[in-house]
Amino acid sequence: MNNPYDQIAYRTLPRRQTHPDRLAAMARLFGMRPAPVTACRVLELGCGSGGNLIPQAYYLPESRFTGIDLAAAPIAAACAMAGDLGLSNIDLRAADLRDLGPDEGEFDYIFAHGLYSWIPADVRDRLMAVCGERLAPQGVAFISYNVYPGRYTRQMIREILLYHTRGIEDPAQRIAEARRLLAQIDHEEAKHVMEHSDDALFHDDLAPVNDPVWFHEFAAHARRHGLQYLAEAQSHKTFDPATEPARENAAQVIEREQYVDFRKLRRFRETLLCHEEVALDRAIGPARMNGFLFSESQRAQQISGGQGVQAVQAVVEALHHTGQLPVQFQELIPYAGNAELLGQILFALLVAGCVNLHAHDFPCEETVTETPRASRLARYQAGFGNSVTSVCHIPVELDAVAQHLVRLLDGSRTHEQIARELAGIPGAPSVEDVRRYLLGSLEWLAGMGLLEG
């Protein structure tokens, strides 16, 4: 039987919430002692074509990465990319996760995005078992999955599409027929599904398996394999202002989280797990912000009202000016006035999802040199498309000129040489106009974490 992921390629993207930096930061926040991001072992289950794992291996050369996927074609593409980049710290294999045994050793970070709900029950159980068996004592596992009650509406649309496409073997025809029917369904969920790319539609709503669960069922499954609930990968989905986590035991945490899903009609989770023996400190507050780094989140917003409004605005603006690059707690103290107030501000922003928490200071070139150089990864990716991955593990979309510019930034050209080559692109503006464009573009690339020293 052909693997669906060999039939229709599924584009894998860098997912910041799976990066060892995010997992380590959340673990430290709850009192754990995770492995350093710069010297860790990472396993991705269902790595696909490597769009998430390979950039991590590139930017963390002293860490070791293993990626497995059941589909051969995506793994072949991933191996080709890793080979072209000359990466020696990554092992990519076409393999069944059920075959992973003690010979693999322990991993500090394990992640499985888009896998748990989309595999049969026996494989799902083995996925959880692998996390329990192969996770290091202070390790963190990331698993994403669909949940009820929010997923009920989507399941209704899925069942309609499965019935309509029953008996159709050709993937392209199944997709076309599904879209034809979706266009006739007068429902917001159908319109939402209609907006998805063909690969997402095929591998999600038309997949042979797509089983949502209740959160309490997922937590119980984890417990059967010696794992406990740590947090969600995104801070604003971890903290519930209506409760006092410090006073909750493990069972109460699960109960609270289940009721959060009830109230918010949540449909998807990105859950972090750790070993059940780990003693977690859930008494998290402003005092714990010291020692972390912070960056602006896509959810960033101004907080108005209350004490210290000017200080809040100053901190928010300081983070905005650094772009994607994390800033040390100590560097932000002058903007708040003192460390205590800064802790209060950052904790409020963290709970609201307005900042990202970091344990790793991502190394990159923040200034524009005379002969600027983009990362080899970015130059490689720009040769195939308009999306490149920054040092902070964020996809950056480039227009046609910026895409060409990134390919030229190999450290051998001066600004003038770059400008003249850009001006030679068909349809490009004059050299003078390109010169004016160039400096701003180079500064933007530096702020996005795409330049190397």
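The values are calculated or read from the model by the stated rules, or taken from the named source; none is laboratory data. Being a predicted model, the structure only gives us computed values, none of them experimental. Here Cβ is always computed from backbone atoms with ideal geometry, including for glycine, and neighbour counts include all displayed protein chains. These area figures cover heavy atoms from the full protein model, side chains too; ligands, DNA and RNA do not enter into them. Shrake-Rupley method; radii C 1.70, N 1.55, O 1.52, S 1.80 Å.
Table for the structure above
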| quantity | calculated |
| --- | --- |
| Complete set of residues in region 175-211 that are in contact with a Phe, Trp or Tyr (Cβ under 7 Å, 6 or more places away or on another chain) and of a type outside the set (S, T, N, Q) | ILE175, ASP199, HIS203, ALA207, VAL209 |
| Elements of type strands (runs of 3 or more DSSP E) in region 340-453, at least 2 residues being closer than 22 Å to GLN298 by Cα, modelled with pLDDT of 90 or more and not polar (S, T, N, Q) | 355-358, 395-397 |
| Residue in region 428-437 that is under 30 Å from the mean Cα position of the chain (by Cα) and surrounded by 20 or more Cβ atoms within 10 Å (Cβ to Cβ) present | no |
| Any chance GLU421 is open to solvent by 30 Å² or more (accessible area, probe 1.4 Å) and touching a strand residue (DSSP E or B) at 6+ places or on another chain (Cβ under 7 Å) | no |
| Residue list for region 219-240, filter: at pLDDT 95 or above, among the hydrophobic types (A, V, I, L, M, F, W, C) and within 21 Å of the chain's Cα centre (by Cα) | LEU230, ALA231, ALA233 |
| Restricting region 18-48 to residues that are β-branched (Val, Ile, Thr) and more than 19 Å from LEU227 (Cβ to Cβ), the residue that is surrounded by the most Cβ atoms within 10 Å (Cβ to Cβ) | VAL37 |
| Scan of region 389-441 for residues that are under 25 Å from THR322 (Cβ atoms) and among the polar types (S, T, N, Q), ordered by number | THR389, SER390, GLN403, SER441 |
| Exclusive hit being under 15 Å from HIS113 (Cα atoms) and basic (Lys, Arg), set ARG64, ARG22, ARG33 | ARG22 |
| Residue count, region 173-199 (criterion: within 18 Å of ILE8 (Cα to Cα), in contact (Cβ under 8 Å) with a residue 24 or more places away in the chain and not hydroxyl-bearing (Ser, Thr, Tyr)) | 6 |
| Index of the failed condition, ASP186 passing every other in (1) within 22 Å of the chain's Cα centre (by Cα); (2) outside any helix (DSSP H, G or I) | (1) |
| Meets criteria (open to solvent by 50 Å² or more (accessible area, probe 1.4 Å) and on the phi < 0 side of the Ramachandran plot) for ALA178 | no |
| Index of the failed condition, HIS216 passing every other in (1) surrounded by fewer than 19 Cβ atoms within 10 Å (Cβ to Cβ); (2) under 30 Å from GLY447 (Cβ atoms) | (2) |
| Pairs, first closer than 13 Å to TYR5 by Cβ in region 73-96, second open to solvent by 50 Å² or more (accessible area, probe 1.4 Å) and of a type in the set (Phe, Trp, Tyr), C-beta under 7 Å, six or more apart | PRO74/TYR5 |
| Per-region count, region 350-375, residues more than 30 Å from ARG288 (Cβ to Cβ) and either among the polar types (S, T, N, Q) or surrounded by 15 or more Cβ atoms within 10 Å (Cβ to Cβ) (or both) | 9 |
| Condition check for ALA222: under 25 Å from ARG134 (Cβ atoms) and either buried (at least 17 other Cβ atoms within 10 Å of the Cβ) or out of contact with any Phe, Trp or Tyr (no Cβ under 6 Å at 6 or more places or on another chain) (or both) | yes |
| Residue count, region 142-161 (criterion: part of a helix (DSSP H, G or I) and either crowded, with 19+ Cβ neighbours inside 10 Å or not β-branched (Val, Ile, Thr) (or both)) | 8 |
| Number of positions in region 311-333 that are assigned to a helix (DSSP H, G or I), farther than 16 Å from LEU350 by Cα and of a type in the set (Val, Ile, Thr) | 1 |
| Within region 25-52, tally of residues that are free of Cβ contacts under 8 Å to residues at least 40 places away in the same chain and in contact with a strand residue (DSSP E or B) (Cβ under 6 Å, 6 or more places away or on another chain) | 0 |
| Count of region 203-220 residues which are among the hydrophobic types (A, V, I, L, M, F, W, C) and in a loop (DSSP other than H, G, I, E, B) | 4 |
| Within region 325-349, considering residues that are open to solvent by 10 Å² or more (accessible area, probe 1.4 Å) and either touching a Ser or Thr at 6+ places or on another chain (Cβ under 6 Å) or of a type in the set (Phe, Trp, Tyr) (or both), the one nearest to ARG16 (Cα to Cα) | PRO326 |
| Candidate set from region 49-62 (those that are open to solvent by 10 Å² or more (accessible area, probe 1.4 Å) and among the small types (Gly, Ala, Ser)); member that is farthest from the chain's Cα centre (by Cα) | SER49 |
